[in-house]
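Working notes, structure below.
The values are calculated or read from the model by the stated rules, or taken from the named source; none is laboratory data. Keep in mind the model is a prediction, meaning the values are calculated, not measured. Neighbour counts run over all protein chains shown; Cβ positions are idealised from the backbone, glycine included.
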Amino acid sequence: MDYNLVILLFSAFSFIFYSISSFYSERMIFEYERWGYKKFRKIIASLQFIAAFGLLIGWYFPLLLIFASAALSVMMITAIFVRIRIKDNVIKILPAILYAILNFIIFYKTLITIL
């Protein structure tokens, strides 16, 4: 089994689901407001959606995979800092940490295969 593909698919489909729910879910709309990003919800969700598809397409185009995984890593690192700033507990921060790590793994493994 190719664990790189499993990680990629898990991250991509998670972000596709998450980004779509950011458009329609009342809970997600509230969360963006709580984080202080109410005005940027649709932009952030759209970027996550695009990057998630970038992961899927990037499986066949490694350069795209590097950019998509880097973008998601940066978004998740930003999410970690936002959650720390608003004083969320560790349990609420863990998903952002997990996805930052997973996307960094995708980024790093793809980068070293290209170089």
statement: Cβ pairs under 6 Å, 6+ apart or interchain, first in region 1-29 and under 20 Å from SER69 (Cβ atoms) and among the aromatic types (Phe, Trp, Tyr), second surrounded by 12 or more Cβ atoms within 10 Å (Cβ to Cβ) and at pLDDT 95 or above, ordered by first then second residue, are PHE15/GLN48; PHE15/ALA52
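Inspect all residues belonging to region 82-93 and state whether any of them is closer than 20 Å to TYR3 by Cα and either under 13 Å from the mean Cα position of the chain (by Cα) or not in a helix (DSSP H, G or I) (or both). Even if it seems obvious, please write down each step before you answer.
Step one: list which residues in region 82-93 are closer than 20 Å to TYR3 by Cα, which gives none.
Within region 82-93 (the criterion being closer than 20 Å to TYR3 by Cα and either under 13 Å from the mean Cα position of the chain (by Cα) or not in a helix (DSSP H, G or I) (or both)), the answer is no, since none of the residues qualifies.
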message: Residues to consider are SER69, SER46; find the one that is within 16 Å of TYR99 (Cβ to Cβ), in a helix (DSSP H, G or I) and hydroxyl-bearing (Ser, Thr, Tyr).
response: SER69
query: What are the residues in region 14-71 that are surrounded by fewer than 16 Cβ atoms within 10 Å (Cβ to Cβ), closer than 22 Å to ILE93 by Cβ and hydrophobic (A, V, I, L, M, F, W, C), if any?
result: PHE17, ILE29, PHE30, PHE40
Filter pass, MET1 being at pLDDT below 95 and either touching a Lys or Arg at 6+ places or on another chain (Cβ under 8 Å) or aliphatic (A, V, I, L, M) (or both): yes
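Collect the residues in region 80-115 that are of a type in the set (A, V, I, L, M, F, W, C) and either under 16 Å from ILE50 (Cβ atoms) or in contact (Cβ under 8 Å) with a residue 40 or more places away in the chain (or both), keeping them in residue-number order.
The initial filter retains those residues of region 80-115 that are of a type in the set (A, V, I, L, M, F, W, C), namely 80-82, 84, 86, 90-91, 93-94, 96-98, 100-102, 104-107, 111-112, 114-115.
Within region 80-115, VAL82, ILE86, LEU102, ILE105, ILE106, PHE107, LEU111, ILE114 meet the criteria.
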